[in-house]
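Below: one structure, written as C-alpha cells.
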Amino acid sequence: MQSLLTDVFTILFVPRFRYSGGIAQLRARITLIFTVLLSSAGLIAIIGVAVGAAQVQTIETIIALITVGVLLNIVLIALIHSGQAFLACLAQFAFMNVFALTLFGTYGIDYGSLLPAAVIILYAGVLGTAWSPALMTVIYGGVTIIAHLLQVRGIIVSPTVTVHADQHTLRLVSSVGLLSVMGILSTLFAYELRRGFSAGGRTLTQLRAIAEVAKNTAEATTLGDLLQRTVDYIRDRFGFFHVQVFLLDNERRYANLAASTGDLGEQLMQRGYRLAMGSQSMVGRALISGEPIITGSYEDDSLGRSNELLREMRSELVLPLIVGEAVIGALDIQSARANAFSNDEVNTLKVLATQVALIVYNGKQLEEARLQLNETRRLLLETEVSLRDTQRLNQRLTGEAWEGYLKLRNAAIIGYTLSDTRLTRDTSWTPGLEQAAGKRRPVLTPLTTESGQQRQLIAVPIELRGRTIGAIEVEMDGTIRQAEMLDVLQSVSQRLALSVDNARLFEQAQELAQRELEVNAISSRLQGIGDIDELAKITLQELGRALGAAHAVIRLGAPGAIANGSTEALPIPPSTSTEGEI
C-alpha cells in the first residue's frame, strides 16, 4: 500500500523527466502541482455545481469548461513527464485565461471570477519573467473595469449575486485593490525567485569553475603546468580572447609572464615578456593598488595597451593575485568584445583569481619543498659516500695499526687455548676460526665424540670498526640452544674488540709518554752548554743510551766539504751504558 501511494505521489507531483536548469525544473514542478490541484478543484466544482446550483443559468457552459479543463490537465501531466513542460505551461496558461474571462463574462465582478484571476497572476510570476505578474495585473484590472461598466449598464447580470447600484463602485475598488495586491506580491515573489536562481546559478558556475581548476591542479606536476592548465580553462570556459598570469619576482620589481594562452602566448613567453611593477599598464596598476582593474572598451591607443601583439583586444580585466595581504601576481583576462565583463562574470572570476593565487602559493611551496628534498637527497648521498669512505679508511687504519702493533711485539698472532681447565699459549688456527675470520660471520660445526656424545663448535669473528682482527671458537654441549649461546658469544666478541683496542691504545700512549720523557731529559742536558763539540758528543751519548743504539753518527757542515784535522777515538763517560762504538 505504501509503495502504491509513493508511486501515485511521484506521478502527480514529481516530473519523471530531468529538466536542465533551475528555472525549467521549477516550471515543470509548479505546472504539475497546478495541474493536479486544478484538476481536483475542477472535479469538486463539477460535483458542487451539479448538486447545489442546478437552477443557475449557463451552468452547462461552466460544467463543460471544467470538464474540458480536467481532461486537458490529464494531457498536460503526460506532457510534463515526457519533457514538454514549456508546451504544457503555455496550454495551461491559455486555458486558465479562457476560463477566467468566461467567468468574468458570465458572473461579472464576483469572487468566483476574481479567484482565477489571482491564480493566473501568481502563476505568471512563477512561469514568466519578473514583470509578467505586473502585466497580468494590468490586464485583469482592465477586465475588471470593463466588467464593472457592463454590470452597471445591465449587460452582464450575475446569476448568483444581486448587487445594488451603490455597491458597484465599492466592489470595483475592492476587486482592483485585491488584484493589485496580488500583482505586487507576485511581482516581488517572481523577482526574488529569479534573483535567487541567478545567484544560485552564479554560485554553481563558480563551484564548477573551482572544481575544474582543482581537477587541473591535481593532474599537473609543476607550477608552470598548473598555471597553463588554469589559463586555458578560463579562456575555453568563458570564451575570452586571451588569458595570462603574471608573477612578481623576488625583488618585486617586475611582473614576469608565467602562463599565457594560444600561439600569441607562446610568442610572449619566448620573448620573456614582463612588466615593471610601477608601470602605467593595467597589470602594473593592479599590482600597486591590489584592486581589480577593468576597462570596458579599447577604441584607441590612448588607453594604453601594454603590448603591440594584442591589437584585437577590446576590453580587459586584471585581477590581483593575493595571498594573505601580499600581492604575488595578477590574472589578466582580455576579450575581443567591448564591455565583455558583466558583474556576474567579474564576481566569478574574482573567485577564480583567489583560487589561482592559492595555486601559485601552493605550487611555489611545492617547488621549494622539492628543491629542499633534492638538496637533502644530494647531501644524504654525499654523506653516505663520505661515511663509506670513512669506514674504509677506518678499516685500513685499524688493520695497519694492528699490524704495526703486532710487529712491535714481535708476534704475528696472539692466541690462547683453554682445554680441560688448562690455559696454554697457542697460535694455530682451526678451520672454524679461519672460516669465521674470513667470512666475517658465525660458523656452527656439529661434532660427535668417540662415545657418541653430540657436541657443537661455534666460532664468531672479532671485528673492530669493520675490520676483522681475530676470532673466538667455543665447543659446547649439543643440547644447549644455539641462538642463546650465539648471542652471548657475539656480545663478548664485540666487547673484547673494544677492550683489546683500548689496551693497545693505552700501551701506545705509555710508549709515547716514555719517549716524551726521554726527549725532555735529553733536552734538559743540552740546555746551558755553549760548546758545539760538547753538544754534539752529549747528543750522541744520550741517543745511544735512550735508543740502545750500537752505532750513531752526527755531522755538522755541508756534505762533501774537506775537513782539517784527524780522526781520534774519544772515551765514553762512565755514566753511559751504551755498548759498542760511538
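The values are calculated or read from the model by the stated rules, or taken from the named source; none is laboratory data. Given the structure is predicted, the values throughout are model-derived calculations rather than measurements. Using ideal geometry, Cβ is built from the backbone for each residue, glycine included, and neighbour counts are taken over all protein chains shown. To get the accessible areas, we keep the full protein, side chains included, count just its heavy atoms, and leave off ligands, DNA and RNA. Shrake-Rupley method; radii C 1.70, N 1.55, O 1.52, S 1.80 Å.
State yes or no: is Arg392 at pLDDT below 85 and basic (Lys, Arg)? When the stated conditions are applied, Arg392 passes them. Just one of (1) in contact with a Lys or Arg (Cβ under 6 Å, 6 or more places away or on another chain); (2) without any contact (Cβ under 8 Å) to a residue 24 or more places away in the chain fails for Thr398. It is (2). Filtering segment 253-264 to residues that are crowded, with 18+ Cβ neighbours inside 10 Å and under 20 Å from Ile328 (Cβ atoms) leaves Ala255, Leu257, Ala258, Ala259, Ser260. Quick one: which of Asp389, Asp344 is part of a helix (DSSP H, G or I), within 30 Å of Pro292 (Cα to Cα), open to solvent by less than 80 Å² (accessible area, probe 1.4 Å) and among the charged types (D, E, K, R)? Just a single option satisfies the conditions, and that option is Asp344. The numbered conditions (1) loosely packed, with under 15 Cβ neighbours inside 10 Å; (2) in a loop (DSSP other than H, G, I, E, B) are all true for Ala552 except (1).
Look at segment 25-40: where a residue is aromatic (Phe, Trp, Tyr) and a partner is crowded, with 20+ Cβ neighbours inside 10 Å, sitting 6+ places away or on another chain with Cβ atoms under 7 Å, you get Phe34/Gln92; Phe34/Tyr123. For segment 124-157, filtering for residues that are hydroxyl-bearing (Ser, Thr, Tyr), modelled with pLDDT of 80 or more and either in contact with an Asp or Glu (Cβ under 8 Å, 6 or more places away or on another chain) or under 17 Å from Leu90 (Cβ atoms) (or both) leaves 1.
For segment 512-532, a residue qualifies if it is open to solvent by less than 80 Å² (accessible area, probe 1.4 Å) and among the acidic types (Asp, Glu), and the qualifying residues are Glu518, Asp531. When restricted to residues that are surrounded by fewer than 15 Cβ atoms within 10 Å (Cβ to Cβ) and either in a strand (DSSP E or B) or among the acidic types (Asp, Glu) (or both), segment 223-252 contains 3.
Conditions tested, residue by residue: (1) loosely packed, with under 12 Cβ neighbours inside 10 Å; (2) under 17 Å from Pro461 (Cα atoms).
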position	(1), (2)
Gln365	yes, no
Leu371	yes, no
Asn394	no, no
Leu406	no, no
Tyr416	yes, yes
Asp426	no, no
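Within segment 514-533, residues that are of a type in the set (Asp, Glu) reach partners that are open to solvent by less than 100 Å² (accessible area, probe 1.4 Å) with beta carbons closer than 9 Å, at six or more positions or on different chains, in the pairs Glu518/Glu542; Glu518/Ala546.
I need the full set of residues from segment 282-314 which are among the polar types (S, T, N, Q) and modelled with pLDDT under 85, in order please. Please lay out each step first, then the result.
First pass over segment 282-314, keeping only residues among the polar types (S, T, N, Q): 289, 295, 297, 302, 306-307.
Selection gives Thr295, Ser297, Ser302, Ser306, Asn307.
Would you call Val346 touching a strand residue (DSSP E or B) at 6+ places or on another chain (Cβ under 7 Å) and of a type in the set (Val, Ile, Thr)? When the stated conditions are applied, Val346 passes them.
Give me the pairs: first residue in segment 78-92 and at positive phi, second residue surrounded by 13 or more Cβ atoms within 10 Å (Cβ to Cβ), beta-carbon distance under 8 Å, and six or more apart or on different chains, which are they? The qualifying pairs are Gly83/Phe17; Gly83/Tyr19. Summed over segment 58-77, the residues that are more than 29 Å from Val138 (Cα to Cα) and touching a residue at least 60 places away in the same chain (Cβ under 8 Å) give a count of 1.
On inspection, Asn97 qualifies as out of contact with any strand residue (DSSP E or B) (no Cβ under 7 Å at 6 or more places or on another chain), at pLDDT 80 or above and either polar (S, T, N, Q) or more than 30 Å from Arg194 (Cα to Cα) (or both).
When Ala411, Ala336, Ala340 are screened for being farther than 30 Å from Phe506 by Cα and either touching a Phe, Trp or Tyr at 6+ places or on another chain (Cβ under 7 Å) or at pLDDT below 75 (or both), only Ala336 passes.
Within segment 456-464, does at least one residue satisfy the condition of being surrounded by fewer than 16 Cβ atoms within 10 Å (Cβ to Cβ) and of a type outside the set (Val, Ile, Thr)? No, segment 456-464 contains no residue that is surrounded by fewer than 16 Cβ atoms within 10 Å (Cβ to Cβ) and of a type outside the set (Val, Ile, Thr).
The rows are residues; the columns are (1) among the basic types (Lys, Arg); (2) closer than 16 Å to Ala497 by Cβ; (3) touching a residue at least 40 places away in the same chain (Cβ under 8 Å).
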position: Lys407; (1), (2), (3): yes, no, no
position: Leu418; (1), (2), (3): no, no, no
position: Pro431; (1), (2), (3): no, no, no
position: Ala437; (1), (2), (3): no, yes, no
position: Pro446; (1), (2), (3): no, no, no
position: Thr449; (1), (2), (3): no, no, no
position: Arg455; (1), (2), (3): yes, no, no
position: Ile458; (1), (2), (3): no, no, no
position: Pro461; (1), (2), (3): no, yes, no
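Scanning segment 463-482 turns up no residue that is assigned to a helix (DSSP H, G or I), of a type in the set (Val, Ile, Thr), over 25 Å from Leu387 (Cβ atoms) and free of Cβ contacts under 8 Å to residues at least 40 places away in the same chain. Residue check: is Ala88 open to solvent by less than 40 Å² (accessible area, probe 1.4 Å), at pLDDT 80 or above and of a type in the set (A, V, I, L, M, F, W, C)? Yes.
For segment 536-549, which residues satisfy the criterion of being open to solvent by 50 Å² or more (accessible area, probe 1.4 Å) and farther than 23 Å from Glu511 by Cα?
Let us first name the residues in segment 536-549 that are open to solvent by 50 Å² or more (accessible area, probe 1.4 Å), namely 537, 543, 545, 547-548.
Within segment 536-549, Lys537 is the sole residue that qualifies.
Considering only residues that are small (Gly, Ala, Ser) and open to solvent by 50 Å² or more (accessible area, probe 1.4 Å), look in segment 316-341 and name the one that is nearest to Asp232 (Cα to Cα). Talk me through it step by step, then tell me what you get.
Taking segment 316-341 as the starting set, the residues that turn out to be small (Gly, Ala, Ser) are 324, 326, 329-330, 335-336, 338, 340.
Of the ones still in play, those that are also open to solvent by 50 Å² or more (accessible area, probe 1.4 Å) are 324, 336.
Working: Gly324: 26, Ala336: 16 Å.
By that ranking, first place goes to Ala336.
Can you run down the residue pairs with Cβ atoms below 6 Å, 6 or more apart or on separate chains, where the first is in segment 184-197 and farther than 20 Å from Val138 by Cβ and the partner is part of a helix (DSSP H, G or I) and at pLDDT below 75? Correct list of pairs: Phe197/Gly22; Phe197/Ile23.
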